[in-house]
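Accompanying notes for the structure given below.
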Amino acid sequence: MISAEKIIKFLRQKPALNLSQIEKESGLPSRTLHKAFSGSLKLNEKHCQLIEPVLRNYGYADELFSKAKIISIVNHKGGVGKTTTTINLGKALVISGFRVLLVDFDSQGNTSQCCGVHQVDVQVIDALLEKVDLPIIPLDENLFLAPSNIKMAYRELELINSIGNEKRLKNRLQKISEEFDFIIIDCPPALNIFTTNALVASDLCIIPLQPEASALYGVDSLFNRIYEVREESNPSLIVKGILFTMVTENTLVHKQMIDYVKKEYKHIPIFNVLIERATIIQQSQVAQKDIFTYSPKSPVALQYAELAKEFFII
Ligand SMILES: Nc1ncnc2c1ncn2[C@@H]1O[C@H](COP(=O)(O)OP(=O)(O)OP(=O)(O)O)[C@@H](O)[C@H]1O
Ligand SMILES: [Mg+2]
């Protein structure tokens, strides 16, 4: 039988569904699902039995939760907010009730550092090149980290020369994908073997972009790499959307750049939410905390929460 947890996860992934309608069709007392959704009521076995056939009509299938959705946060331009987005989108999904693994796939090790993980014995690259399991460090009840550091860079050539080099991350993640709802990969600022591995492993990618002219140079090379990966090894890779980061909304140049990208890349979805430039982000990273822990009411925390919601809509 469908569990209460899966019901809530399914409903969170389908924000367009009308809870009152589902309550009616299931014969549940009104507001039952609303209360379960907000956490003030736990659905019991009887509730689950009544809801199951209705949700199946709305597209629920057990396979939906059998494997994690793997998301790459990718842009070979440096300093555009990949790491910040990995951490804060990850935490926003955890707050929404999902179990999330962050994969630090950059030898700068910024995701690991921002999560307070400085010492690592085994790291992601070791699991790709040796017979060791992917290291998974718990950060929180439902948030986990696979760490990296500078040693990853020393082993790049070994990965390039290995058999099945581009598929190694995919193969390792497939082994553990039943344990998580989402796996988010923080990519390095380069179109190298690591980024290709991440794209080959992913169901979706999100492209953080600063609305500035310099950030746009090279975006075409990124799309070309994505199309190549699709053609050669991962036909189901989806560009989930471009995410504007570090936006100063009242700046004319930012408005113009956002309009330009919307026009120029019509075929690519763009998230409506804009992540503003906010020094509180840097402060949260110095404190080694995600923005929801550091400053849950800050506008930028609300923007990352909005991103997690929009993620299920666009
Ligand atoms: N919304 C924001 N407002 C202000 N500063 C931000 C914001 N997002 C990120 N930053 C800061 O900008 C810098 C770069 O961000 P981040 O590390 O997330 O980018 P990145 O794309 O991962 O960089 P790299 O390409 O080097 O991996 C960091 O110092 C971070 O604290
Ligand atoms: Mg980074």
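The values are calculated or read from the model by the stated rules, or taken from the named source; none is laboratory data. Just so it is clear, the model here is predicted, and its values are computed rather than measured. All Cβ positions, even for glycine, are placed from backbone atoms using ideal geometry, and neighbour counts span all protein chains on display.
Look through LEU11, LEU50, LEU17, LEU41 and report the one residue that is more than 19 Å from PHE292 (Cβ to Cβ), modelled with pLDDT under 95 and outside any loop (DSSP other than H, G, I, E, B).
On the way: LEU50 fails: modelled with pLDDT under 95; LEU17 fails: outside any loop (DSSP other than H, G, I, E, B); LEU41 fails: outside any loop (DSSP other than H, G, I, E, B).
Of LEU11, LEU50, LEU17, LEU41, the one residue that is more than 19 Å from PHE292 (Cβ to Cβ), modelled with pLDDT under 95 and outside any loop (DSSP other than H, G, I, E, B) is LEU11.
Let me confirm something: among VAL247, VAL229, which residue is within 22 Å of the chain's Cα centre (by Cα) and within 16 Å of ligand 1 (Cβ to nearest atom)?
On the way: VAL229 fails: within 16 Å of ligand 1 (Cβ to nearest atom).
Answer to the selection: VAL247.
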* Asked: Name the residues in segment 65-94 that are closer than 13 Å to PHE182 by Cβ and at pLDDT below 95, would you?
  -> PHE65, LYS67
* Asked: From the list LEU191, LEU157, LEU128, LEU102, which one is within 16 Å of ligand 1 (Cβ to nearest atom), among the hydrophobic types (A, V, I, L, M, F, W, C), more than 29 Å from ILE8 (Cα to Cα) and assigned by TED's automatic domain parsing to the domain that holds GLU231?
  -> LEU191
* Tell me, yes or no, whether segment 139-152 has at least one residue that is touching a residue at least 60 places away in the same chain (Cβ under 8 Å) and among the hydroxyl-bearing types (Ser, Thr, Tyr). => no
* Lone unmet requirement of (1) touching a Cys at 6+ places or on another chain (Cβ under 9 Å); (2) outside the structural domain of CYS187 (by TED's automatic domain parsing); (3) of a type outside the set (Val, Ile, Thr) for ASN44 -> (1)
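Conditions tested, residue by residue: (1) buried (at least 16 other Cβ atoms within 10 Å of the Cβ); (2) away from ligand 2 (no atom under 16 Å from the Cβ); (3) assigned by TED's automatic domain parsing to the domain that holds THR111.
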{"residue": "SER202", "(1), (2), (3)": "yes, yes, yes"}
{"residue": "ILE207", "(1), (2), (3)": "yes, no, yes"}
{"residue": "LEU252", "(1), (2), (3)": "no, yes, yes"}
{"residue": "TYR265", "(1), (2), (3)": "yes, yes, yes"}
* To do: Consider LEU41 carefully, then state whether it is of a type outside the set (D, E, K, R), without any contact (Cβ under 8 Å) to a residue 24 or more places away in the chain and away from ligand 1 (no atom under 16 Å from the Cβ).
  => yes
* Please tell me if SER30 is surrounded by fewer than 17 Cβ atoms within 10 Å (Cβ to Cβ), free of Cβ contacts under 8 Å to residues at least 60 places away in the same chain, over 13 Å from GLU5 (Cα atoms) and among the polar types (S, T, N, Q). => yes
* To do: For SER107, work out the one condition from (1) closer than 30 Å to ALA215 by Cα; (2) surrounded by fewer than 17 Cβ atoms within 10 Å (Cβ to Cβ) it doesn't fulfil.
  => (2)
* Asked: If we keep just the residues of segment 59-90 that are farther than 22 Å from GLU310 by Cβ and not in a helix (DSSP H, G or I), which is farthest from ligand 2 (Cβ to nearest atom)?
  -> ALA61
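Would you be able to tell me the number of residues in segment 267-303 that are of a type outside the set (D, E, K, R) and within 16 Å of ligand 2 (Cβ to nearest atom)?
At the first step, the residues of segment 267-303 found to be of a type outside the set (D, E, K, R) are 267-275, 278-288, 291-296, 298-303.
Next cut, within 16 Å of ligand 2 (Cβ to nearest atom) only: 275, 281-282, 284-286, 288, 291.
Within segment 267-303, residues that are of a type outside the set (D, E, K, R) and within 16 Å of ligand 2 (Cβ to nearest atom) number 8.
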* If we scan segment 270-292, do we find a residue that is of a type in the set (D, E, K, R), touching a residue at least 40 places away in the same chain (Cβ under 8 Å), buried (at least 20 other Cβ atoms within 10 Å of the Cβ) and at negative phi? -> yes
